[in-house]
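Encoded as structure tokens, the structure appears first; notes follow it.
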Amino acid sequence: MSEAFGVRKAPFVIEWRDGFKISIAQIDAEHQHLFQLVKALNLQSADQKVNELLDYVVTHFSNEQALMEKSGYPSFEQHLKLHEEFGAQVAEFLGSGEDWTEERVQDVRRFLNKWLIGHIMTHDLRFGRWYKERQLTAPKPIAASKEQRGFLTRLFGLK
Ligand SMILES: [Fe+2]
């Protein structure tokens with residue numbers, strides 16, 4: 001199926017751009033870092049890089065969710081579900097036990113980039129707009145609570 005695209009061998013990299021901003025500085029900085037971690041995935045240290053990235057995804061989701069909850073975002077529960085679904089998809093994607101190949105690294109990168117862009121530009125942006133409209137004061141960085149971290153870590157099925 002994949003060969004049909006004909007560009008299989010070209011590295012699949014999507015760079016962060018300002019157009020991905022949702023106008024919440026902390027969240028934008030975290031999203032930018034996520035893109036850097038996706039870009040940094042490589043075949044030589046695939047397991048390590050993937051684990052590092054997923055660790056940061058958990059931290060980021062926890063921070064974003066804490067901000068949503070704290071600010072009373074009406075679609076918080078819905079958004080939480082999207083994060084959980086992503087966790088399930090990642091676990092399924094990575095749970096195949098296949099050996100790492102350049103193609104698989106690119107598949108993971110492609111999957112993560114596409115999910116991130118789709119999620120940020122639809123759901124996170126919606127939150128950014130709501131947040132701005134409410135003119136809430138800028139939040140302090142919020143550390144992930146142990147409860148959330150544990151829950152998401154279990155969801156990802158990864159250490
Ligand atoms: Fe999100």
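The values are calculated or read from the model by the stated rules, or taken from the named source; none is laboratory data. Every value quoted in this text rests on a predicted model; they were computed, and no experiment measured them. Because the Cβ atoms are built from the backbone with ideal geometry, glycine has one as well, and the counts that use them run over all protein chains shown. Surface accessibility is based on the protein's heavy atoms, side chains included, excluding ligands, DNA and RNA. Shrake-Rupley method; radii C 1.70, N 1.55, O 1.52, S 1.80 Å.
Some notes on this structure:
- Test: residue in the range 46-63 that is in contact (Cβ under 8 Å) with a residue 24 or more places away in the chain, among the charged types (D, E, K, R) and open to solvent by less than 70 Å² (accessible area, probe 1.4 Å): no
This table checks each residue for (1) modelled with pLDDT of 95 or more; (2) more than 26 Å from residue 97 (Cβ to Cβ); (3) among the charged types (D, E, K, R); (4) in a helix (DSSP H, G or I).
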position	(1), (2), (3), (4)
7	no, yes, no, no
14	no, yes, no, no
22	yes, yes, no, no
26	yes, yes, no, yes
32	yes, yes, no, yes
37	yes, no, no, yes
52	yes, no, yes, yes
57	yes, no, no, yes
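- Candidate set: the range 86-120, residues that are within 11 Å of the ligand (Cβ to nearest atom) and not aromatic (Phe, Trp, Tyr); chosen: the one surrounded by the fewest Cβ atoms within 10 Å (Cβ to Cβ): 118
- Every listed requirement among (1) at pLDDT below 95; (2) of a type outside the set (Val, Ile, Thr); (3) open to solvent by less than 40 Å² (accessible area, probe 1.4 Å); (4) within 16 Å of the ligand (Cβ to nearest atom) is met by residue 80 save one, (1).
- Within the range 80-101, residues that are within 14 Å of residue 116 (Cβ to Cβ) have Cβ atoms under 9 Å from residues that are polar (S, T, N, Q) in these pairs: 83/65, counting only partners at least 6 apart in sequence or on another chain.
- Whichever residue in the range 68-77 is outside any helix (DSSP H, G or I) and either of a type outside the set (Phe, Trp, Tyr) or within 14 Å of the chain's Cα centre (by Cα) (or both) and, among such residues, is nearest to the ligand (Cβ to nearest atom): 75
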